[in-house]
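Undergrad: So that we are looking at the same thing, I have put the structure below in structure tokens.
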């Protein structure tokens, strides 16, 4: 087997998907224009896909009140601190800024809906 996608039920899948496309560089691989407004987003490699949808029959997690160690979306950032500033202008907020002993920079932000978004600038990339 291989990984296909992971999914998040969010209050406004259309706005959430648009933010990730405009500010994180994700692309829409597939979308549904009627409820639950499912959007499959991919990174520029096409290998990883996140599904955002708005299923109002179910509750959504309160990401803004959860510690990011419980769940977060992590992306590679060539210059994490510059990306942080750009994303903060787009509505993200900083949760933590950490530099590991090997020089890896890990910044934990929250997107405008509170979902944790980690920017990883690794000294030795995976």
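Residues are listed down the side, and each one gets a yes or a no for (1) within 18 Å of residue 22 (Cβ to Cβ); (2) assigned to a loop (DSSP other than H, G, I, E, B); (3) in contact with a strand residue (DSSP E or B) (Cβ under 9 Å, 6 or more places away or on another chain); (4) assigned by TED's automatic domain parsing to the domain that holds residue 24:
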site	(1), (2), (3), (4)
61	no, yes, yes, no
64	no, no, yes, no
74	no, no, yes, no
85	yes, no, no, no
95	no, no, yes, no
101	no, yes, no, no
112	yes, yes, yes, no
120	no, no, yes, no
125	no, yes, yes, no
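Undergrad: Mind checking which pairs have a first residue in segment 33-62 that is without any contact (Cβ under 8 Å) to a residue 40 or more places away in the chain and a second that is in a loop (DSSP other than H, G, I, E, B) and surrounded by fewer than 18 Cβ atoms within 10 Å (Cβ to Cβ), Cβ under 7 Å, 6 or more apart or different chains?
TA: Taking only residues 6 or more apart or on different chains, the pairs are 36/55; 38/32; 40/5; 42/48; 44/25.
Undergrad: Further question on the same structure: Does segment 2-20 hold any residues that are modelled with pLDDT of 95 or more and farther than 19 Å from residue 72 by Cβ, and which are they?
TA: Correct list: 12, 14, 15, 18.
Undergrad: Considering only segment 89-117, how many residues are in contact (Cβ under 8 Å) with a residue 24 or more places away in the chain and touching a helix residue (DSSP H, G or I) at 6+ places or on another chain (Cβ under 9 Å)? Even if it seems obvious, please write down each step before you answer.
TA: We begin by selecting, within segment 89-117, every residue in contact (Cβ under 8 Å) with a residue 24 or more places away in the chain; these are 90-92, 95-96, 105-117.
Keeping just the survivors that are touching a helix residue (DSSP H, G or I) at 6+ places or on another chain (Cβ under 9 Å) gives 90-92, 105-107, 109-117.
Total satisfying the criteria: 15.
Undergrad: Looking only at segment 19-37, count every residue that is under 13 Å from the mean Cα position of the chain (by Cα) and surrounded by 15 or more Cβ atoms within 10 Å (Cβ to Cβ) and tell me the total.
TA: Looking only at that region, the number is 5.
Undergrad: Starting from residues that are more than 17 Å from residue 119 (Cα to Cα) and surrounded by 14 or more Cβ atoms within 10 Å (Cβ to Cβ), keep the ones in segment 38-48 and report whichever is nearest to the chain's Cα centre (by Cα).
TA: 41
The values are calculated or read from the model by the stated rules, or taken from the named source; none is laboratory data. Just so it is clear, the model here is predicted, and its values are computed rather than measured. Because the Cβ atoms are built from the backbone with ideal geometry, glycine has one as well, and the counts that use them run over all protein chains shown.
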